[in-house]
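Heads up: the structure comes next, in structure tokens.
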């Protein structure tokens with residue numbers, strides 16, 4: 001697909017309209033440089049973590065998505081040239097009822113799964129049934145975002161109708177979620193947990209192999225329903241768990257890119273050593289790290305302890321230093337800073353954990369710990385073994401808590417055990433993450449709902465007041481009133497201190513200039529199907 | 001006429017002083033001993049000796065060059081490198097000494113038992129030792145540390161100690177066995193056996209004290225290896241974790257990103273590791289030369 005100046009300007013305008021100030025992908029430059037597409041070749045790219053399993057429905061780590069996205073399709077998807085505009089993926093066309101109470105999708109005909117079976121509306125229904133009401137033993141991480149779907153009808157094999165119980169203004173965006181990949185009804189009927197271990201999708205590539213600790217490989221899907229795609233013959237996602245190994249691989253040309261993001265220092269190193277052979281794209285990021293307390297464990301069942309620990313963190317000072325050495329950058333609440341519903345700084349500083357008077361805040365934190373009888377508090381901080389930015393965040397937090405007399409043991413683990421420990425509730429305090437693919441709060445706030453509604457709430461809190469505020473904000477159509485509800489939600493969340501964003505990320509993606517067609521966005525979850533990526537060798 | 005021969009004052013017999021003799025005979029060993037003592041002093045009294053808390057982040061002093069405030073400069077978090085080196089000696093010594101002690105002691109027991117029992121038991125033990133010896137120390141340590149989950153007691157990583165101790169064990173066992181073989185045929189061991197002492201008593205009361213010299217030499221030499229292994233494992237991300245002050249760890253992480261800009265980030269930890277390994281190796285060699293009568297000829 002060619003990017004014209006017109007679409008480029010539209011895309012830029014769209015991005016600016018949504019407050020994506022930091023998203024500085026240069027569409028005009030891309031248009032000016034666009035040479036004729038070359039087909040063939042194999043793309044090697046780096047993935048800095050290994051997928052804990054193959055099921056995107058049950059995952060919120062990019063490690064799963066960068067691994068699995070090329071093998072799957074979704075109903076809709078985000079058009080990254082006009083982000084956040086949507087386009088059809090499996091859906092050839094769609095209509096939305098004026099009252100937003102039903103969504104009708106017409107599917108592309110003759111779409112084949114990798115096992116040769118033909119996609120029908122029954123597969124879409126089975127997939128969304130699994131997402132909304134996961135059977136015993138199956139996890140649907142973003143289950144809460146499907147709560148408004150009342151029923152799914154399949155009047156014919158190529159038509160799916162979603163009937164809503166209640167209006168959800170962002171439902172169409174949820175249908176474009178990169179996590180909601182379509183599985184076969186047959187596989188799910190046979191074993192609802194099968195997608196954790198087996199890949200069978202309709203995507204541009206067909207699964208070839210997963211060599212643990214090494215790579216995932218895919219080859220071109222000759223039956224792909226979009227004629228002429230993909231351009232590549234195949235790809236290999238190479239697991240480079242050590243940042244130094246990833247940088248060396250990029251530098252040496254063994255991989256043509258790392259699509260998640262690198263730190264400013266890593267960027268500088270690549271630019272210094274590779275000169276004009278490397279392309280660097282930067283953007284703000286719909287992703288933050290969270291300080292997450294396990295409220296089922298003592299003494300973190302005491303709000304005073306949780307609040308004290310949050311109040312000891314100097315986010316404003318930390319953001320300036322950490323931005324120089326890591327991908328952490330902006331101070332923000334539950335909504336991405338700079339986006340339409342974000343809390344302005346003047347209001348943010350009034351919330352616990354965001355004060356600019358850190359001395360006073362820490363004094364208060366000490367008092368709270370004393371009141372709670374926890375002056376000599378010590379605990380384990382559970383963290384992911386990913387250098388960027390988890391390690392800097394861990395080092396920073398240990399120092400911040402040291403300053404109010406708290407002793408912290410910092411434990412880091414690979415992605416699989418890290419997530420398993422938190423999901424099982426075996427952590428005291430963890431550095432969790434909120435990995436979003438859009439700014440809409442129906443997605444972003446879902447993480448903080450009661451654990452019974454939201455499996456990705458790793459603080460395990462249950463708070464009916466927050467649940468109600470979330471539901472109210474979903475129904476509210478007036479933007480100002482909606483904003484007010486979000487503010488109340490945020491205030492309640494931070495007062496209860498179950499979990500709180502530490503800092504929001506800044507995305508820096510290095511790719512070789514020979515890599516073409518890949519598009520930058522504020523989310524590393526998007527654009528990983530790789531169908532329109534090609535190599536200008 | 002009588003001649004009185006002038007009486008010379010009687011020469012006072014010199015009291016043997018093992019420390020003075022060691023310093024005279026092994027001057028380099030003495031120097032290395034001083035380095036080790038300084039390291040131990042720094043490790044034990046880190047909170048008194050270190051100018052800053054090793055965990056203290058100071059974003060205003062990121063990558064500061066060595067100065068009067070920060071003798072060895074600061075790292076990417078503005079942490080004082082000198083303080084982290086001082087605290088790092090604690091990590092190096094605790095892990096280095098403990099793993100060397102555990103590995104050498106178990107190895108010595110295995111070696112003596114192997115020599116004492118002989119026959120099939122000796123064969124089995126030696127084949128087991130052969131298998132372990134087939135792996136280089138760092139490779140075996142890597143396998144052990146990667147295979148088992150991290151387990152800490154009082155902030156000390158037990159898994160790491162075990163990982164380093166296991167490769168030391170067969171090396172000590174082989175050396176001690178050869179020393180114990182010559183002790184086994186001594187008449188006092190036969191006598192102990194004849195009066196019906198238990199195997200345990202013979203091994204620990206009569207044989208072990210006679211292989212102490214090679215044991216001590218191996219123990220000292222392997223502290224250096226263990227420190228190096230700890231630094232290597234931490235460098236590879238399998239040892240101690242941030243923000244613990246550890247020399248190997250100081251060479252990894254964002255030291256790789258900033259070493260061009262701030263070479264002191266890798267220079268001083270590198271010197272500390274080299275100096276410690278050099279001191280323990282040299283001390284071990286000197287101890288061997290000093291204790292082994294064959295080297296005095």
Checklist line | Selection count, the stretch B:254-279, where residues are within 14 Å of chain A (Cβ to nearest Cβ), assigned to a helix (DSSP H, G or I) and without any contact (Cβ under 8 Å) to a residue 12 or more places away in the chain | finding: 1
Item checked: From the options B:28, B:63, B:8, residue that is modelled with pLDDT under 95, surrounded by fewer than 19 Cβ atoms within 10 Å (Cβ to Cβ) and within 14 Å of chain A (Cβ to nearest Cβ) -> B:63
Margin query: Out of A:493, A:502, I need the residue that is assigned to a strand (DSSP E or B), buried (at least 23 other Cβ atoms within 10 Å of the Cβ) and touching a residue at least 60 places away in the same chain (Cβ under 8 Å). Which one?
Written below: A:502
Checklist line | Residue that is more than 14 Å from chain A (Cβ to nearest Cβ), exposed (fewer than 15 other Cβ atoms within 10 Å of the Cβ) and assigned to a helix (DSSP H, G or I), where the choices are B:177, B:171, B:205 | finding: B:205
Notebook entry, point to check: Somewhere in the stretch A:293-315, is a residue closer than 29 Å to residue B:76 by Cβ, within 14 Å of another protein chain (Cβ to nearest Cβ) and free of Cβ contacts under 8 Å to residues at least 24 places away in the same chain?
Noted result: no
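Among B:287, B:238, B:251, B:282, which is within 13 Å of another protein chain (Cβ to nearest Cβ), more than 23 Å from residue B:78 (Cβ to Cβ) and surrounded by fewer than 23 Cβ atoms within 10 Å (Cβ to Cβ)?
Of the residues listed, the single one that is within 13 Å of another protein chain (Cβ to nearest Cβ), more than 23 Å from residue B:78 (Cβ to Cβ) and surrounded by fewer than 23 Cβ atoms within 10 Å (Cβ to Cβ) is B:238.
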Next item on the list: Could you tell me which numbered condition residue A:406 fails, if it satisfies all but one of (1) touching a helix residue (DSSP H, G or I) at 6+ places or on another chain (Cβ under 8 Å); (2) without any contact (Cβ under 8 Å) to a residue 60 or more places away in the chain; (3) within 14 Å of another protein chain (Cβ to nearest Cβ)?
Entry: (2)
Margin query: Going by what's in this entry, would residue B:196 be described as out of contact with any helix residue (DSSP H, G or I) (no Cβ under 8 Å at 6 or more places or on another chain), exposed (fewer than 15 other Cβ atoms within 10 Å of the Cβ) and assigned to a loop (DSSP other than H, G, I, E, B)?
Written below: yes
Notebook entry, point to check: Tell me, which residue of the stretch A:393-403 that is touching a residue at least 60 places away in the same chain (Cβ under 8 Å) and over 20 Å from the mean Cα position of the chain (by Cα) is nearest to the other protein chains (Cβ to nearest Cβ)?
Noted result: A:396
Note to self: Restricting to the stretch A:417-453, give me the number of residues that are within 26 Å of residue A:521 (Cα to Cα) and either in a helix (DSSP H, G or I) or within 14 Å of chain B (Cβ to nearest Cβ) (or both).
What the structure shows: 10
Notebook entry, point to check: Could you give every pair whose Cβ atoms fall below 7 Å, whose first residue belongs to the stretch A:366-390 and is within 14 Å of chain B (Cβ to nearest Cβ), and whose second residue is in a loop (DSSP other than H, G, I, E, B) and surrounded by fewer than 17 Cβ atoms within 10 Å (Cβ to Cβ), counting only separations of at least 6 or pairs across chains?
Noted result: A:385/A:414
Notebook entry, point to check: Got at least one residue in the stretch A:300-307 being in contact with a helix residue (DSSP H, G or I) (Cβ under 6 Å, 6 or more places away or on another chain) and farther than 30 Å from residue A:374 by Cβ?
Noted result: no
Check: Which ones in the stretch A:319-348 are within 14 Å of chain B (Cβ to nearest Cβ) and out of contact with any strand residue (DSSP E or B) (no Cβ under 7 Å at 6 or more places or on another chain)?
Finding: A:320, A:321, A:324, A:325, A:326
Note to self: Is it the case, given these coordinates, that residue A:103 is closer than 24 Å to residue A:473 by Cβ, outside any helix (DSSP H, G or I) and modelled with pLDDT of 95 or more?
What the structure shows: yes
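The values are calculated or read from the model by the stated rules, or taken from the named source; none is laboratory data. Everything numeric in this text was worked out from a predicted model, so none of it was measured. Cβ sites come from the backbone with ideal geometry, for glycine too, and all protein chains shown count toward neighbours.
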